[in-house]
1. For the stretch 50-105, what relative contact order do you get, as a whole percent, if you take Cα pairs closer than 8 Å and at least 6 residues apart?
2. Among DSSP beta bridges lying fully in the chain, give the percent that are antiparallel, nearest 5.
3. How high is the relative contact order of the stretch 126-186, given as a whole-number percent (alpha carbon pairs under 8 Å, six or more residues apart)?
4. How would you rank GLU114, GLU14, going from fewest to most other Cβ atoms within 10 Å of each one's own Cβ?
5. Mind checking which of LEU176, TRP54, PHE127 is farthest towards the positive end of the chain's charge dipole, using Cβ charges of +1 (Lys, Arg) and -1 (Asp, Glu) about the Cα centre?
6. Residues with amide H under 5 Å of PHE60's amide H, sequence separation 5 or more or different chain, H placed in the peptide plane at 1.01 Å from N; which?
7. Place a +1 charge on the Cβ of each Lys and Arg in the stretch 92-169 and a -1 charge on the Cβ of each Asp and Glu, then give the dipole magnitude about the Cα centre in debye, rounded to the nearest 20.
8. For the stretch 38-100, state which trypsin sites (Lys or Arg not before Pro) are in a DSSP loop and have at most 15 other beta carbons lying within 10 Å of their beta carbon.
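Bear in mind these aren't lab numbers, they're just calculated from the coordinates by the rules spelled out. Note that the coordinates shown come from a computational prediction; the quantities given were computed from them, not determined experimentally. In this analysis, Cβ positions are derived from the backbone assuming ideal geometry, glycine residues included, and neighbour counts consider all displayed protein chains.
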Amino acid sequence: MTISASGYVREPNELYETEPWVTRALLRRFPPLRGRNIWEPAAGNHKIADVLLWEGANVFTSDIVEYDKKHDTILDFMKPMAGMSAYDIITNPPYGPGNRIAAQFARLALQRTEGWIALLLTAKFDFGKTRRDLFADNPRFAFKIALTDRIQWFPGENSGTEDHCWLVWGPRNMLLTTPVLYYEGK
């Protein structure tokens with residue numbers, strides 16, 4: 001597969017809605033959700049949160065702005081705050097140039113929760129040597145789910161132009177083995 005530039009000009013706080021199949025692909029490998037407390041800190045229009053709720057999770061939503069759906073609270077995950085250690089975090093975070101915002105988001109998630117963390121990111125996100133602390137040197141890194149179908153971020157006939165994956169870190173107190181690679185599609 002070749003990754004090609006879309007020519008699309010991005011805007012600040014732009015909404016990238018995650019198709020429901022993407023969250024369902026994660027849930028085929030994630031621990032059962034019934035009764036779990038999940039924090040969705042980049043909730044957008046709750047596309048991920050809606051699937052999590054459907055699966056029986058208790059979902060707390062936040063984002064820096066509200067779009068069409070009302071969040072439990074408005075907050076910027078990137079700003080200093082108290083953690084929500086009793087929650088798992090599942091989200092599609094902002095990426096930023098060179099995925100630098102996403103890397104900072106992952107580091108903050110690891111500080112703010114003792115639970116599971118699942119971030120939807122670009123497929124090569126774990127390749128960077130500046131991210132060894134998140135993967136090779138991180139005992140919490142549990143698995144990667146490579147998505148075999150591309151995400152369609154916007155309505156229309158055009159499919160996505162980049163490959164994505166779920167990167168998952170386990171709870172702080174869990175004894176993990178060697179990280180595992182899975183493949184999931186629609």
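1. Numbers: 37 pairs, mean separation 11.2, N = 56.
For the stretch 50-105, the relative contact order is 20 percent.
2. Values: 11 of 27 bridges.
Beta bridges within the chain, antiparallel portion: roughly 40 percent.
3. RCO, the stretch 126-186: 40 percent.
4. Ranked by crowding around the Cβ, least crowded first: GLU14, GLU114.
5. Positive-end residue among those listed: LEU176.
6. Hits under the 5 Å cutoff: ILE38, TRP39, GLU40.
7. Dipole of the stretch 92-169, to the nearest 20 debye: 340 debye.
8. Of the trypsin sites (Lys or Arg not before Pro), the ones in loops of the stretch 38-100 whose Cβ has at most 15 other Cβ atoms within 10 Å are LYS69, LYS70.
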